[in-house]
Amino acid sequence: MTTTYKIQQYPELTLTGYATKLPLPTMTNIAAVSAQKEQHFVSLVKNNQFPPLMAASRDKLGYALSTTAADHLEYFAGANTTATATTAQTRTLPAGDYIVLQAQGGPDRALFDRLIGDFFGTILPAEPQLYTKDSFVVEVLLNGNPHDAAVELRIPLSK
């Protein structure tokens with residue numbers, strides 16, 4: 001199945017949540033990095049850190065932000081929330097045009113991984129002008145159900 005994308009404009013968005021450092025994804029460790037992303041979310045739920053953020057969410061969407069540094073991937077799980085937590089951090093997503101891919105039906109992590117693979121493995125090689133600098137990727141759980149998910153992948157459009 002071919003994944004299609006659309007370009008959509010989003011306003012600036014501030015997320016509150018929790019970050020973890022993961023290895024930079026490569027073709028040889030991508031499955032392990034994916035599992036660590038899932039473990040991060042699971043631990044935040046089990047430790048009752050994420051549920052209060054979602055309970056006070058402005059849009060009822062769960063977000064994850066992946067940004068790369070020289071030697072690691074920062075994976076930030078958060079919500080657009082009015083809740084405050086002393087150990088939580090914030091990240092601001094800039095307003096602008098985003099490349100948006102969507103999928104539904106099945107576990108959220110598998111859907112996100114498929115969309116990431118489709119974008120970086122198929123779409124980007126065919127249209128390299130879309131994303132010319134490695135900045136960040138946003139994963140959005142649209143329906144609140146990680147087991148039978150509706151998800152969206154947002155990638156800033158290069159200008």
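Of all the accessible heavy-atom surface of the chain, with the other protein chains kept in place and a 1.4 Å probe, what percent is carbon and sulfur? List each step's numbers first, then the result.
Details: 4670 of 8330 Å².
Taking all protein chains in place, the chain shows 56 percent carbon and sulfur surface.
Over every pair of different alpha-carbon atoms in segment 32-118, take the mean of 1/r and invert it; report that Kirkwood radius in Å. Walk me through the numbers before you get to the answer.
Numbers: mean 1/r = 0.0689 Å⁻¹.
Answer for segment 32-118: a Kirkwood hydrodynamic radius of 14.5 Å.
Using the basic label-point model (7 angstrom from Cα toward the beta carbon), what is the Thr28 to Thr82 distance in nanometres?
It is 5.0 nm.
Before I look further, what does the chain give for accessible area per residue, probe 1.4 Å, in whole square angstrom? Each step should come with its number before you reach the end.
On the way: 8330 Å² over 159 residues.
Result: 52 Å² of accessible area for each residue.
Relative to the compact globular guide of 2.2 N^0.38 Å, what is the alpha carbon radius of gyration of segment 16-60, as a ratio?
Working: Rg = 12.9 Å, N = 45, 2.2 N^0.38 = 9.3 Å.
So segment 16-60 has a normalised radius of gyration of 1.38.
Tell me what the chain gives for mean residue ellipticity at 222 nm when only DSSP H runs of n ≥ 4 count, each as -39,500 (n - 2.57), the sum divided by the residue total, rounded to 500 deg cm²/dmol. Present the calculation step by step, with values, prior to reporting the outcome.
Details: 3 runs with 34 residues, N = 159.
For the chain, the value works out to -6500 deg cm²/dmol.
Simple spin-label model, 7 Å along Cα-to-Cβ: Thr67 to Gln39 in nm?
Using points 7 Å along Cα→Cβ, the separation is 2.4 nm.
By how many degrees, between 0 and 90 and to the nearest 10, does the Cα long axis of helix 30-46 differ from the longest principal axis of the chain?
The two axes meet at around 20 degrees.
For the chain, what is the number of Lys pairs with C-alpha distance below 25 angstrom, counting only pairs 8 or more positions apart or on separate chains?
11
Identify which of the listed values of Cα extents along the principal axes in Å was calculated from the structure shown: (i) 43, 34, 34; (ii) 108, 29, 19; (iii) 61, 47, 24.
(i)
Given labels modelled 7 Å from the Cα in the Cβ direction, how far is it in nm from Asp97 to Glu74?
Rounded to a tenth, the inter-label distance reads 2.7 nm.
Subtracting the Cα-Cα distance from 0.36 nm times the residue separation, let me have the gained length for Ile7 to Leu142 in nm, one decimal.
On the way: separation 135, 0.36 × 135 = 48.60 nm, distance 1.74 nm.
Answer, rounded to one decimal: 46.9 nm.
The values are calculated or read from the model by the stated rules, or taken from the named source; none is laboratory data. Computed from a prediction, not measured in an experiment: that's the story for all the values here. Here Cβ is always computed from backbone atoms with ideal geometry, including for glycine, and neighbour counts include all displayed protein chains. What goes into the accessible areas is simple: the full protein's heavy atoms, side chains included, and nothing from ligands, DNA or RNA. Shrake-Rupley method; radii C 1.70, N 1.55, O 1.52, S 1.80 Å.
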